[in-house]
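**Q** Sending over a structure as structure tokens; questions will come in a sec.
Nothing in this text is a laboratory measurement; each read-out follows from the coordinates by a stated rule. Here the structure is a predicted model, which means the values were calculated and not measured. Cβ coordinates were reconstructed from backbone atoms using ideal geometry, including for glycine residues, and neighbour counts include every protein chain displayed.
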Amino acid sequence: MASAHFQGRVALITGASSGIGRATALAYAARGAQVVLAARRESALRDVAREVEARGGRALAVRCDVTREDDVARLLHETRAAFGGLDVLVNNAGLGLYGPVEGFSEAQLRRVFEVNFFALVRVTQAALPLLRARAPGAQIINVSSVLGHRGLPLLGGYGASKAAVNLLTESLRAELAAEGIRVLLVSPGLTETEFRDARLHAEGWRQDTIPLRAMSAEAVAQALVHASRRGHRQTVLTLPGRLMVLANRLAPGLFDAVARRIANPAKAP
Ligand SMILES: NC(=O)c1ccc[n+]([C@@H]2O[C@H](COP(=O)([O-])OP(=O)(O)OC[C@H]3O[C@@H](n4cnc5c(N)ncnc54)[C@H](OP(=O)(O)O)[C@@H]3O)[C@@H](O)[C@H]2O)c1
């Protein structure tokens, strides 16, 4: 049985209707946390809430488009009204973009930055008053990607939005350290979720299979909650993901050549 390390704590997870966010909400709840579930698909959120409650936990499902200021304000208002505060914010909601820099539109790129970066800033700013009231000990966990640490062909727009998250995370960590609010970064590698179905594609570009083994959303969630429990500042996931980040640090020029070989997608007819 999972430990009750987060007993009595409140964890808010954006993008909790599927994939890593859903699994993360269940993992926090299994360790005693009360969870706030935020995403746009209300019925999927209610299913997750029911799963939490069936296992004896408490959950609040809030329909929220994180790109909308009024939705985000309501999310934090409802969190305070239901649970009286917030201990852990997991900024997980995300959107992918596939295709060459030449091929994606500015509107697609702006949308991806809106969800992955600007909304993360918006939710963080809105949550800070509640997190401050629970400091020391409060946490912000930003879900990035291994692609935010190293650019790969056809994933540059998405990777750039995650690289922006990485740098923002470092700044925020320093800004909030004295107040006792820890800021963590979790960078999953390839994970088995709905992510590739939902992502945007530059016109004519599709990618059917990736020749790598994906992690399960549950395994990513376990690693995230472990990092949260231990306060690990940075977690990079999947062995290929870790190797990529390491190889890029040690020999970026050499990794440019590797990147050209490993990213060899088929262009849709
Ligand atoms: N899967 C991977 O291989 C992988 C690898 C590295 C990093 N990641 C990152 O992991 C995070 C979770 O992705 P996932 O793999 O679990 O994919 P997913 O199953 O597609 O989950 C994405 C979540 O984000 C939510 N979301 C998207 N736009 C939103 C919006 N405007 N407002 C509120 N919620 C929104 C979706 O909910 P609604 O549609 O209901 O709003 C969904 O719950 C993302 O940040 C992603 O970049 C994924």
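**Q** Let me see the pair-distance distribution of region 6-55: every alpha carbon pair, 5 Å bin width, integer percents in order.
**A** Percent of pairs per bin, in order: 5, 26, 37, 23, 8, 1.
**Q** If one computes P(r) from the Cα atoms of the chain, what percent of pairs lie at distances over 24 Å?
**A** Details: 16776 of 36046 pairs.
It works out to 47 percent of all Cα pairs.
**Q** Which angle between 0 and 90 degrees, to the nearest 10, do you get for helix 156-177 versus the longest principal axis of the chain when only C-alpha atoms count?
**A** Between helix and principal axis, roughly 40 degrees.
**Q** Moving on to the next point. Looking at the chain, send over the antiparallel percent of its DSSP beta bridges, to the nearest 5. Present the calculation step by step, with values, prior to reporting the outcome.
**A** Numbers: 1 of 30 bridges.
Beta bridges within the chain, antiparallel portion: roughly 5 percent.
**Q** On full extension of the chain, what length is gained from LEU167 through ARG68, given 0.36 nm per residue of separation minus the C-alpha to C-alpha distance? Don't skip to the answer; put the middle values down first.
**A** Details: separation 99, 0.36 × 99 = 35.64 nm, distance 2.32 nm.
That works out to 33.3 nm of additional length.
**Q** Name the long-range amide H neighbours of LEU200: under 5 Å, sequence gap of 5 or more, or other chain; modelled H, no Pro or chain starts.
**A** Those lying under 5 Å, H to H, from LEU200 are GLY96, LEU97, TYR98.
**Q** Here is a follow-up. What are the principal axis extents of the Cα atoms in region 119-218, in Å, biggest first?
**A** 48, 26, 21
**Q** Could you tell me the center-to-center distance, by alpha carbons, between region 80-108 and region 158-208 in angstrom?
**A** Their Cα centres are 8 Å away from one another.
**Q** Right, next: Once the Cα atoms of region 165-269 are picked out, what are the Rg and Dmax in Å?
**A** Over region 165-269's Cα set, Rg and Dmax evaluate to 16.8, 55 Å.
**Q** Angle, helix 69-83 long axis vs. longest principal axis of the chain, Cα atoms, 0 to 90°, nearest 10?
**A** 40
**Q** Here is a follow-up. What list of ³J(HN,Hα) values in whole Hz, one per residue of region 229-245 in order, does the Karplus curve 6.51 cos²θ - 1.76 cosθ + 1.60 (θ = phi - 60°) give from phi, with Gly and Pro shown as x?
**A** 3J(HN,Hα) across region 229-245, in whole Hz: 5, 8, x, 5, 5, 9, 10, 10, 10, 6, 4, x, x, 5, 5, 5, 5.
**Q** Can I ask one more? Could you give me the ³J(HN,Hα) list for region 114-119, computed from phi with Karplus coefficients 6.51, -1.76, 1.60 and θ = phi - 60°, whole Hz, x at Gly and Pro?
**A** 3J(HN,Hα) across region 114-119, in whole Hz: 4, 6, 7, 10, 5, 5.
**Q** Oh, and also: FRET efficiency for ARG80 and LEU243, Cβ-Cβ distance as r, R0 = 41 Å, nearest 0.05? Display every interim value, and only then the final one.
**A** Numbers: r = 43 Å, r/R0 = 1.05.
Once rounded, the FRET efficiency stands at 0.45.
**Q** Are there GluC sites (Glu not before Pro) in region 162-228 that DSSP marks as loop and that have at most 10 other Cβ atoms within 10 Å, and which are they?
**A** Numbers: sites: GLU170, GLU175, GLU179, GLU192, GLU194, GLU203, GLU218; in loops: GLU179, GLU194, GLU203.
Passing both the DSSP loop test and the Cβ count: GLU203.
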